[in-house]
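> I'd like to ask you about the structure that follows.
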Amino acid sequence: MSRTENPDEIVLEDVKMFHLESMNERALWIGVYTQNGKTYHLNISGEQLKYYWSDETPEELAQDPTNPPVDAL
């Protein structure tokens, strides 16, 4: 799993599903699932805006050479 704290921009293509859930009055969780099997999570929480973007793609898909990492696009 890779994790980036407070990215200034997130751009996705080929999104299969977008799932936003309010965890409580100060926290949101977002799951993004792509057509090629990648899974990403975005957590937004706190008094001051803090958010974390993580690649939650299963290891077997992450190792697939036909499926380049987002950083390589």
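Each reported figure results from applying straightforward, stated rules to the coordinates on display, with no laboratory input. This one's a predicted model, so the numbers in the text were calculated from it and none came from an experiment. Glycine gets a Cβ as well: all are built from the backbone with ideal geometry, and neighbour counts include every protein chain shown.
> If I stretch the segment between Ser54 and Asn6 completely, what's the gain in nm (0.36 nm per residue apart, minus their alpha carbon distance), one decimal?
Full extension of this stretch gives 16.2 nm more.
> Expressed in nm², what is the orientationally averaged projection area of the convex hull enclosing the Cα positions of the range 2-67? Walk me through the numbers on the way to the answer.
On the way: hull surface 19.5 nm².
Averaging across all directions leaves 4.9 nm² for the Cα convex hull.
> Got the relative contact order for the range 1-46 handy, in percent, Cα pairs under 8 Å and 6 or more residues apart?
Worked out over the range 1-46, it gives 29 percent.
> If we sort 5-14, 29-38 on the protection proxy, mean other Cβ atoms within 10 Å, highest first, what's the order?
29-38, 5-14
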